[in-house]
Amino acid sequence: MRLALFDFDNTITNRDSFADFIKFAAGSVHFYIGVVLIIPVVLLFFFRLMRAGTTKEMMTAYFFGGWEVGEFQEVASRYSRERIPHIVRDVAMEKIRWHKEQGHDIAVVSASLEPWLKGWCDDQGIELIATKLRMDNGWITGRFSGRTCSGKEKVLRIKECYDLSRYDYIYAYGDNHGDRPMLEMADEKYYRWRRI
């Protein structure tokens, strides 16, 4: 048994899906106005005074807090199926196809939010481990349910979903420091598509 673990943003895709999804859902004008209005948050992140997960949660709350769940899910599903296919890397799709042909178990492990990744992963027939969004009585709170799926949290979530003792070999693919713990648990690891 073999397992392949893929980061999503900037590994499978050629850009960060978080900002791309906000532009898709809220429109480019609203996105840039929003970025200006929350510039203190953006600057704190830029100067590494605020963690990426906290920044994402604050931006999610700003742009989507108060949305009705059904409306948000519908937009997320459209993004997953209409937009993501246009931002995936050819090398990623080739590698995913290869793992499928070998009969390996495959999972996307992402700090991005589950709602807009799920449809694409379902269409590919691969599992998804991602940051979950908190919902309250049919409304989006903008807050996350649990921790952001990044860094050591990726490893914890992988171990919750998979009995790793069943696998004799693990592959991992990532592109930034938040993927390092996941890469370290793999037998064969790729950082920005180069084997390390």
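Derivation of every value follows stated rules applied to the coordinates shown; laboratory data play no part. In this text the structure is predicted, and so the values were computed from the model without any measurement. Every residue, glycine among them, receives a Cβ derived from its backbone with ideal geometry; neighbour counts consider all protein chains shown.
Can you give me the C-alpha center-to-center distance between segment 136-186 and segment 1-66, rounded to a whole angstrom?
Spelled out, the Cα-based centre of one part sits 18 Å from the other.
Could you pull out the chymotrypsin sites (Phe, Trp or Tyr not before Pro) across segment 1-98 that fall in loop regions by DSSP (anything but H, G, I, E, B) with no more than 14 other Cβ atoms inside 10 Å?
Taking segment 1-98 and a limit of 14 other Cβ atoms within 10 Å, the loop chymotrypsin sites (Phe, Trp or Tyr not before Pro) found are F47.
Which lysines, if any, have their Cα less than 25 Å from the Cα of K132, not counting same-chain residues under 8 positions apart?
K23, K56, K118, K152, K154, K159
Which ordering of S77, S17 is given by a fewest-first count of other beta-carbon atoms within 10 Å?
S77, S17
Using C-alpha positions alone, give me the convex hull volume of segment 129-179 per residue in cubic angstrom.
101
Per residue of segment 150-157, what does 6.51 cos²θ - 1.76 cosθ + 1.60 with θ = phi - 60° give for ³J(HN,Hα)? Whole Hz please, x for Gly and Pro, Karplus curve as stated.
Those phi angles translate into 8, x, 5, 4, 4, 5, 4, 5 Hz.
What is the gain in length, in nm to one decimal, between D90 and L37 on full extension, counting 0.36 nm per residue of separation less the C-alpha to C-alpha distance?
The span from D90 to L37 would gain 15.5 nm if fully extended.
Taking the convex hull of the Cα atoms, report for the chain its projected area averaged over all directions, in nm².
Averaged projected hull area, Cα only: 11.0 nm².
Once the piece of chain linking S165 and R134 is laid out straight, how much longer is it, given 0.36 nm per residue of separation minus the C-alpha distance between them?
8.0 nm
Kirkwood-based Rg over Rh for segment 89-196 (C-alpha set), two decimals?
Computed over Cα atoms, the ratio is 0.98.
Rounded to the nearest 5, what % of the DSSP beta bridges within the chain are antiparallel ones?
The antiparallel fraction comes to roughly 30 percent.
Evaluate the distance, in nm, between pseudo-label points positioned 7 Å from the Cα of N14 and of F46 along their respective Cα→Cβ axes.
Each label point lies 7 Å from its Cα, and together they span 2.6 nm.
Among I129, I84, I12, which one moves the most in a GNM of the chain with springs linking Cα atoms closer than 10 Å?
Among I129, I84, I12, the largest mean-square fluctuation in the Gaussian network model of the chain belongs to I84.
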